[in-house]
Amino acid sequence: MKIKPVVAAFLVLAPLTACGGNAAAGGDGSTVTVTVGYQSKTINTVTAGTLLRSLGYFEKQLNALHDGHTYKVEWQDYATGAPITAQMTAGKIDIGSMGDFPLLINAARGKQLNRPTRLVATTGYNLRGGLNTIVTAPGSKLSTLEDLKGRKVSTSVGSAADGTLVRALRDAGLDANEDIEKLNQQPAVGASALSAGSADALSQFVAWPGLLAYQGKAKALYDGAQLNLPTFHGVTAREDFAKRRPAVLEAFLKAQARATDYLNAHPVEASEKVAEATGLPAEVVYLYNGAHGIATFDPALKPALIAALKKDVPILKAAKLTGDVDVDAFVDDRYVRKALGPSYAKRLAATPAPA
């Protein structure tokens, strides 16, 4: 099916006036504000962010609670997971979505600041790690990872893409801290640096590598799938919020599952909705989120993903971004199991078709 052209329409950030799931409005306790942090252009999280917001499923689930409260959802859009973690540990975001490496930092910061968080669901994943890519400029003569020695490489330190860079260079016999000049930049800044020639390569997560290649501004040097190690994004919630308002978290996870089913049943339409909300070309969104795309969407916390998360901890420790992280304590599937009921076991056992 041909994807229709989409006119760019960028989301306006919601103001940082979160109530952390607390009662607001008139002081009578009748209105509860739920604040969700998401990354609109990190399209591996759309079922807990961009697409979910577009479909309005979370608001519908909250309206169906009929518990005497009126609910208001504030959506806050960020470029990476780090600011979401900062807002969560400040008690200003209740539910957030981010990649595997940021999730571990989320767990570590939450414990450190006595604002514990829990991983409650998955959004999208690739069992081989194909969601992260190292790219160079179209005319670059760099052709192997070894060619990056002594070069400037842009990435977002602490992100899944940074983890891919560290692992890929290590496999090539290079040290990411000694053999390259690593530029710690936001994805958009790194993309500009690559185009301007101030960076020789860029290691980033979805959808930046695909977008730059689609625009003719980059070519792939290394596909994260070559690591053959799962990478994923997930949903994290503040523990105090989950305990105080379990029905709200359950409503979110039901809505996320419904958005996941919509994406899988209507991949073209879902890609167009995300494109409309983000300004990304629909073709780029479809590359990752389409039928048999690079990403697979399923809220189930699969054992293979949790095992991969444990393998990420030493990378973050070596970079001195975290200490030890108790992954088993961080993962809490009680809420998603209850939200999805009997269907959870089926989702947990499902094996995706290869991309």
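Going through Gly68, Gly37, Gly56, Gly27 one at a time, which residue ends up being of a type outside the set (Val, Ile, Thr), on the phi > 0 side of the Ramachandran plot, at pLDDT 95 or above and assigned by TED's automatic domain parsing to the domain that holds Val284? Before you say what the answer is, go through the steps one by one.
On the way: Gly68 fails: at pLDDT 95 or above; Gly37 fails: on the phi > 0 side of the Ramachandran plot; Gly27 fails: at pLDDT 95 or above.
Among Gly68, Gly37, Gly56, Gly27, only Gly56 is of a type outside the set (Val, Ile, Thr), on the phi > 0 side of the Ramachandran plot, at pLDDT 95 or above and assigned by TED's automatic domain parsing to the domain that holds Val284.
For Gly279, which of the numbered conditions (1) closer than 20 Å to Thr42 by Cβ; (2) touching a helix residue (DSSP H, G or I) at 6+ places or on another chain (Cβ under 9 Å) fails to hold?
If we test Gly279 against (1) closer than 20 Å to Thr42 by Cβ; (2) touching a helix residue (DSSP H, G or I) at 6+ places or on another chain (Cβ under 9 Å), just (2) comes out false.
Here are some conditions: (1) touching a residue at least 12 places away in the same chain (Cβ under 8 Å); (2) surrounded by fewer than 23 Cβ atoms within 10 Å (Cβ to Cβ); (3) in the same structural domain as Leu194 (by TED's automatic domain parsing). Ala108 meets all but one. Which one does it not meet?
(3)
Among the candidates Phe252, Phe241, single out the residue that is touching a residue at least 24 places away in the same chain (Cβ under 8 Å), under 20 Å from the mean Cα position of the chain (by Cα) and under 26 Å from Ala300 (Cα atoms).
Numbers: Phe241 fails: under 20 Å from the mean Cα position of the chain (by Cα).
On inspection, the qualifying residue turns out to be Phe252.
Yes/no matrix, rows are residues, columns are (1) over 21 Å from Gly110 (Cβ atoms); (2) out of contact with any Cys (no Cβ under 9 Å at 6 or more places or on another chain); (3) surrounded by fewer than 17 Cβ atoms within 10 Å (Cβ to Cβ):
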{"site": "Val325", "(1), (2), (3)": "no, yes, no"}
{"site": "Asp328", "(1), (2), (3)": "no, yes, yes"}
{"site": "Val331", "(1), (2), (3)": "no, yes, no"}
{"site": "Tyr335", "(1), (2), (3)": "no, yes, no"}
{"site": "Pro342", "(1), (2), (3)": "yes, yes, yes"}
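Given the conditions (1) assigned to a helix (DSSP H, G or I); (2) under 18 Å from Ala79 (Cβ atoms), which single one is not true for His233?
With respect to (1) assigned to a helix (DSSP H, G or I); (2) under 18 Å from Ala79 (Cβ atoms), His233 is out only on (1).
For the range 111-161, which residues satisfy the criterion of being free of Cβ contacts under 8 Å to residues at least 12 places away in the same chain and polar (S, T, N, Q)?
Once the filter is applied, which keeps residues that are free of Cβ contacts under 8 Å to residues at least 12 places away in the same chain and polar (S, T, N, Q), the range 111-161 yields Gln112, Asn114.
What are the residues in the range 170-187 that are at pLDDT 95 or above and within 30 Å of Gly290 (Cα to Cα), if any?
Hit for the range 170-187 is Gln185, nothing else.
Residues being among the acidic types (Asp, Glu) and exposed (fewer than 15 other Cβ atoms within 10 Å of the Cβ): count how many of those fall in the range 51-87. Lay out the reasoning, then the answer.
The initial filter retains those residues of the range 51-87 that are among the acidic types (Asp, Glu), namely 59, 67, 74, 77.
Add one more test, that the residue is exposed (fewer than 15 other Cβ atoms within 10 Å of the Cβ), and what stays is 67.
Of the residues in that region, 1 qualify.
Please verify whether Thr133 is closer than 19 Å to Gln226 by Cα and under 20 Å from the mean Cα position of the chain (by Cα), treating the condition exactly as stated. Quick ask: steps written out before the conclusion?
Details: closer than 19 Å to Gln226 by Cα: yes; under 20 Å from the mean Cα position of the chain (by Cα): yes.
Taking the combined requirement at face value, the residue satisfies it.
Looking at the range 243-272 only, could you name the residues that are over 26 Å from Tyr335 (Cα atoms) and either crowded, with 22+ Cβ neighbours inside 10 Å or small (Gly, Ala, Ser) (or both)?
Hit for the range 243-272 is Ser271, nothing else.
Given Gly197, Gly210, which one is in contact (Cβ under 8 Å) with a residue 60 or more places away in the chain, on the phi > 0 side of the Ramachandran plot and of a type outside the set (D, E, K, R)?
Of the residues listed, the single one that is in contact (Cβ under 8 Å) with a residue 60 or more places away in the chain, on the phi > 0 side of the Ramachandran plot and of a type outside the set (D, E, K, R) is Gly197.
The values are calculated or read from the model by the stated rules, or taken from the named source; none is laboratory data. Here the structure is a predicted model, which means the values were calculated and not measured. When we count neighbours, we look across all protein chains shown, and the Cβ atoms used for this are built from the backbone with ideal geometry, even at glycine.
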